[in-house]
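Worksheet: the structure to be examined is printed underneath.
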Amino acid sequence: MKYLTDELVKSSNLVNFVNHLGILPNPDKILRKFGNTYQTLRELSNDSHVWSCIQSRKSGTLNLDHFIDPNGSDDQTTDFVRDFMDEMDLNGIITEILDTPLYGFQVHEIIWKFDGKKDGKIIPSKMIAKPHEFFAFDTKGNPVLKPTLGSEKQKLPDFKFIVSTFEANSVNPYGNGLLSKCYWHVTFKNSGIRFWVNYMEKYGMPLLIGQYTRGSTQAESQKLAEALAEMTEDTVIVTPMDINIDIKEAARNSSVELYRELINHCNAEISKTLLSETLTTELHSGSFAAAQTHFRVRKEVIAADTKIAERALNQLIGLAVKINFGDVPLPKFKFVINDSDNMNKIDRDMKLVQSGVKFNKEYWMKTYGLSAADFEFV
């Protein structure tokens, strides 16, 4: 009964706290355990396997081609978008946007500048990823600046921030961070490695046995022990003829396999969490069919990541176009997911053209992301 009473008190305090500040606490258990600091999650990337999985996941999207689809917009608007995006560090921006699945959400600040060369247009020059600790979500699921002691929550300024989320919903607007799910596996793996190193230090080195005559003094035996200790580094020792030294090689113990299995298991779980598969990072035995399945899963993960990046960059395009042109049709940033799909479209369209079908200018621009300056009809 006391436990239930304590829980009700805690719940009521939490509700009062939420109602007072107007923000929802992050439900992530790892962040709550360590005081809601995202530095705990950032430090997980110091693990070599976690870092490898992160780079593998991001490279799948970064290596894709991309283009600006006119999407029904006029040439002036499309060219404006192409020009300012060509001047931005898109590779770096996309890399930061792809941190969204790792932490659950990612906020970018837009840096605007006045460009007199483009008829006085206001264009975005940078998108800078901001620390997660600066932001929270209110009870309506809207992102806000996190209130500090003695202050209240502040709504994010219009045209200034872009918020990306991963698997967010009305219950958890903070999203579903994958790094939190890696925490215990990284912790257990590091502990296993530490115990393995201690085991190797204790049992992996050969055992040196020095024998001396029964009449030797304590000082002589101590001197022999010190000489044997130095021998493990210098491998040279000089002793009287009546001292016998023997070397016993350490016997291999099955405990070594236990450490290796623990580390391999943790690495496999990290791979499944960050990549949803294991064969692209864990090169163990497996059938060709299994490999095909894993690569298909990897492709699906990449496709999901491209949607996150496209959504964020299209928000940027929408803000830039609205500032300079008002409410007009918006060009779209798109990744080329599958080159074979484009080749199939080209083959189909060429066959239709040869059979007498005539496509208009808008079709070519919409289907292949071309601008009016890219081609001319003969």
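The values are calculated or read from the model by the stated rules, or taken from the named source; none is laboratory data. All figures in this text were calculated on a predicted structure; none of them were measured in a lab. Please note: Cβ atoms are built from the backbone with ideal geometry, for glycine as well, and neighbour counts cover all protein chains shown. Just so you know, the surface numbers come from the protein's heavy atoms only, side chains and all, with ligands and any DNA or RNA stripped out. Shrake-Rupley method; radii C 1.70, N 1.55, O 1.52, S 1.80 Å.
Here is how the numbers come out for the structure above:
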item	result
ILE122 versus TYR199: modelled label distance in nm, points set 7 Å from Cα along the beta carbon direction	6.3
Where VAL197, VAL163 fall by accessible area, highest first, once all protein chains stay in place (1.4 Å)	VAL197, VAL163
List MET350, MET127, ordered by accessible area with a 1.4 Å probe, largest first	MET350, MET127
Rounded accessible area of ARG82 (nearest 10 Å², 1.4 Å probe)	40
Accessible heavy-atom area order of HIS185, HIS265, highest first, probe of 1.4 Å	HIS265, HIS185
Using a Förster distance of 45 Å, the FRET efficiency for GLU109-SER276 (Cβ separation, nearest 0.05)	0.90
Environment charge at ASN26 (Cβ cut-off 11 Å; Lys +1, Arg +1, Asp -1, Glu -1)	+1
